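Before any comments, here is the structure.
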Amino acid sequence: MRSDPPVTAVTVRVPAKVNVQLTVGGRRPDGFHDLANVFLAVGLYDHVTAAPAEGLRLTAEGRDVARVPLDGTNLAARAAVALAKRYGIEPDVHLHIDKAVPVAGGMAGGSADAAGALVACDALWGTGASREELLDLCAELGSDVPFSLVGGAALGLGRGERLTPLEVGGGFHWVFAVAEGGLSTPEVYRECDRLRRAGGGGDLAADLPAPAADPELVAALAAGDPSRLAAVLTNDLQAAAVGLRPELAATLAAGLDGGALAALVSGSGPTCAFLAPSAAAADSLAATLPGRAYAAPAPAPGATIL
Ligand code: C5P
């Protein structure tokens with residue numbers, strides 16, 4: 001059902017994510033990998049504003065803005081086009097993205113912008129899409145996009161898009177060290193496969209156990225216990241990311257030296273994530289790490305109209 005569209009701009013706030021468990025199964029015939037992917041949304045946000053326009057226009061400001069594509073390849077633009085197509089309307093919108101999430105950093109910044117664009121355009125155009133329709137469109141756009149819409153914490157199965165919400169019993173305090181230059185997600189998955197074959201194992205679904213959520217990790221999230229969570233954080237893409245960017249090993253070690261309970265590469269990297277014992281410890285770790293580092297709490301809500 002269509003509602004009256006607002007004539008003014010709509011701004012949507014969307015969170016970054018860290019994967020507290022990223023278990024990578026075998027490569028499927030479609031080239032994707034089966035995952036057990038436990039997402040946690042963190043309070044580092046991009047803002048996507050949709051305003052009335054003739055045709056589709058994209059602008060951006062904020063961190064790393066020079067590396068944000070401003071053409072039809074941007075996932076936010078693709079989201080607007082996909083929504084318009086679904087409703088048989090023209091994608092007339094000016095999308096403006098204010099970036100705080102690192103670009104190509106393994107924190108789902110592009111996915112967040114796509115989820116934000118969908119929610120903002122739905123409101124601007126009055127398309128009145130249901131949450132299920134929006135989640136379907138998200139899954140078509142990318143494996144991490146549905147989680148950016150939902151936020152909180154969730155287990156993603158399949159290629160990461162089939163979500164089950166998870167309980168989080170308290171706040172967690174994270175620090176993110178941003179590496180200069182991004183990493184290509186497909187390249188990191190390819191390197192993961194290569195390392196598996198080089199180690200004498202296979203890289204196909206038949207060669208590897210089906211990925212599953214770690215019950216202890218799910219319990220640690222539900223308990224809101226950072227020490228318990230720190231003991232079980234895992235990322236099967238970490239060896240590949242560090243292999244492609246060996247300097248990340250020193251960043252991970254610096255975080256542990258600085259008092260982090262645990263350190264891991266965020267998703268496909270190259271951002272490194274550190275779980276801190278408190279908000280104060282996160283702030284002081286962010287201040288002492290070399291390079292750009294940001295403290296952020298978790299969990300954070302999903303895409304929210306401001
Ligand atoms: O779904 P998305 O577009 O984010 O995926 C980007 C790339 O990451 C895919 O083309 C694929 O190479 C890799 N990928 C994968 N298995 C997944 C998710 C992503 O191999 N479950």
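The values are calculated or read from the model by the stated rules, or taken from the named source; none is laboratory data. Remember, it's a predicted structure, so these values are computed and weren't measured experimentally. Note that we place each Cβ from the backbone using ideal geometry, even for glycine, and neighbour counts take in every protein chain shown.
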Quiz item: Do you know which of the residues in segment 116-156 that are near the ligand (Cβ under 10 Å from one of its atoms) and either assigned to a loop (DSSP other than H, G, I, E, B) or among the aliphatic types (A, V, I, L, M) (or both) is nearest to the chain's Cα centre (by Cα)?
Solution: Asp144
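Taking the conditions exactly as written (within 16 Å of the ligand (Cβ to nearest atom), in the same structural domain as Arg292 (by TED's automatic domain parsing) and in contact with a helix residue (DSSP H, G or I) (Cβ under 8 Å, 6 or more places away or on another chain)), does Leu229 satisfy them or not? I'd like the intermediate steps shown before the answer.
Values: within 16 Å of the ligand (Cβ to nearest atom): no; in the same structural domain as Arg292 (by TED's automatic domain parsing): yes; in contact with a helix residue (DSSP H, G or I) (Cβ under 8 Å, 6 or more places away or on another chain): yes.
Answer is no for this residue.
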Quiz item: Assuming Val14 fulfils every condition listed in (1) farther than 20 Å from Thr304 by Cβ; (2) in contact with a strand residue (DSSP E or B) (Cβ under 9 Å, 6 or more places away or on another chain) apart from one, which condition is it?
Solution: (1)
Exercise. Can you tell me which residue among Ala179, Ala220 is assigned to a loop (DSSP other than H, G, I, E, B), surrounded by 21 or more Cβ atoms within 10 Å (Cβ to Cβ) and away from the ligand (no atom under 16 Å from the Cβ)?
Key: Ala179
Quiz item: Is it the case that Val232 is under 21 Å from the mean Cα position of the chain (by Cα) and not in a helix (DSSP H, G or I)?
Solution: yes
Exercise. Go through segment 184-203 and count every residue that is modelled with pLDDT of 95 or more, of a type outside the set (Asp, Glu) and within 16 Å of the ligand (Cβ to nearest atom).
Key: 11
Quiz item: Since Gly160 meets every condition but one in (1) in the same structural domain as Asn37 (by TED's automatic domain parsing); (2) out of contact with any Asp or Glu (no Cβ under 7 Å at 6 or more places or on another chain); (3) within 16 Å of the ligand (Cβ to nearest atom), which condition does it not meet?
Solution: (2)
Practice problem: Filter segment 73-110 down to residues that are among the small types (Gly, Ala, Ser) and either free of Cβ contacts under 8 Å to residues at least 12 places away in the same chain or not in a loop (DSSP other than H, G, I, E, B) (or both), then give me how many there are. | Solution: 9
Quiz item: Does segment 273-295 include one or more residues that are among the hydroxyl-bearing types (Ser, Thr, Tyr) and under 30 Å from Cys121 (Cβ atoms)?
Solution: yes
Quiz item: Residue check: is Leu95 within 16 Å of the ligand (Cβ to nearest atom) and within 21 Å of the chain's Cα centre (by Cα)?
Solution: no
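So, of the residues in segment 159-170 that are surrounded by fewer than 15 Cβ atoms within 10 Å (Cβ to Cβ) and assigned to a loop (DSSP other than H, G, I, E, B), which turns out to be modelled with the lowest pLDDT? Explain how you work it out, then say what you get.
Our first condition is that a residue be surrounded by fewer than 15 Cβ atoms within 10 Å (Cβ to Cβ); within segment 159-170, this holds for 164-165, 167, 169-170.
With assigned to a loop (DSSP other than H, G, I, E, B) added as a condition, the list becomes 167, 169-170.
Details: Glu167: 98, Gly169: 97, Gly170: 94.
Ranking the candidates gives Gly170 first.
Does Leu118 meet the test of being at pLDDT 95 or above and within 20 Å of Val18 (Cα to Cα)? Full working, then the answer.
Working: at pLDDT 95 or above: yes; within 20 Å of Val18 (Cα to Cα): no.
Here the answer is no, as Leu118 does not meet what is asked.
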Quiz item: What number of residues within segment 20-70 satisfy the criterion of being within 16 Å of the ligand (Cβ to nearest atom), assigned to a strand (DSSP E or B) and in contact with a Ser or Thr (Cβ under 8 Å, 6 or more places away or on another chain)?
Solution: 6
